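Laboratory data are not the source of any read-out in this text; all were calculated from the coordinates shown. Please read all numbers here as calculations on a predicted model, not as lab measurements. Reconstructed Cβ throughout: ideal geometry from the backbone, glycine too, with neighbour counts over all protein chains shown.
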Amino acid sequence: MYTREQASQLRQAFWTAFGQYIAPQLSAEGYRTNWSNYKTGFKHVYFRMRAEKKFATISIELTHPDPGIQELYFEQFEELKTLLHETLGEEWEWELHSVDEEGRTISRIYKELPSVNVFNQEDWPALISFFKPRIIALDEFWSDAKYSFEALK
């Protein structure tokens, strides 16, 4: 078992390693990007990567505090579902109005990788191989799709 500080250091070491590995990759629009902390340009729309003790996820999270507006964003993503899945090369899970760890209502579109542990450095290549193509594909999707969300901004 790790102390809180050791766990924090290991997580930070993983995300630093991931950031260094993916740093040379330019965005779909040709810009340098902070892939680990991807900015969508829309408040309450996030691309999140999480690496935990038993799994990893990459997701599009919609966190608007108004559930009705959150649902509008979700419906707009549903309109683009075919494009999203084609760009990703796979289908993801769709979850309207679930509750996160802090008790907030969120909606998310996500893919999970089970049976990996961020605290086991032997799993880091699998985690990087899981995150890298998907965050790049999300960026490619978003470079076209973001304009469909302007009315909700």
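Some points to look at:
- Potential lengthening of the chain between Glu91 and Phe55 amounts to 11.2 nm, from the contour at 0.36 nm per residue minus the alpha-carbon distance.
- Unsatisfied cross-links (Cα-Cα over 18 Å) in the set Lys43/Lys153; Lys43/Lys132; Lys81/Lys111: Lys43/Lys132
- The fraction of all Cα pairs in the chain landing in successive 5 Å bins from 0 to the largest distance is 2, 9, 18, 21, 20, 16, 10, 4, 1, 0, given as whole percents.
- For the chain, the mean residue ellipticity at 222 nm estimated from helices alone is -13500 deg cm²/dmol, where every DSSP H run of n ≥ 4 contributes -39500 (n - 2.57) and the total is divided by all residues, rounded to the nearest 500.
- Rel. contact order, % - alpha carbon contacts under 8 angstrom, at least six apart, the chain: 26
- Extension gain, Tyr2-Asp100: 0.36 nm per intervening residue step, less the Cα-Cα distance, totals 32.9 nm.
- Once backbone amide H atoms are built at 1.01 Å from N, Ala56 has Leu113, Val116 as its partners under 5 Å, excluding neighbours fewer than 5 places away on the same chain.
- Start at zero, step by 10 Å, and the Cα-Cα distances of region 60-148 spread as 15, 40, 34, 11, 0 percent across the bins.
- Extension gain, Ser129 back to Tyr110 (0.36 nm per residue minus Cα-Cα distance, nm): 5.2 nm
- Förster radius 22 Å - calculated FRET efficiency between Glu78 and Asp144, Cβ distance, rounded to 0.05: 0.85
- Cβ-defined net charge surrounding Glu112, 14 Å radius [Lys, Arg +1; Asp, Glu -1]: +1
- When peptides 105-117, 81-93 are ranked by their average number of other Cβ atoms within 10 Å per residue, the highest-first order is 105-117, 81-93.
- Cα-projected label distance for Glu71 with Asn34, points at 7 Å along beta-carbon direction, nm: 3.4
- Relative protection proxy for 59-68, 126-135, from highest mean packing down: 126-135, 59-68 (other beta-carbon atoms within 10 angstrom).
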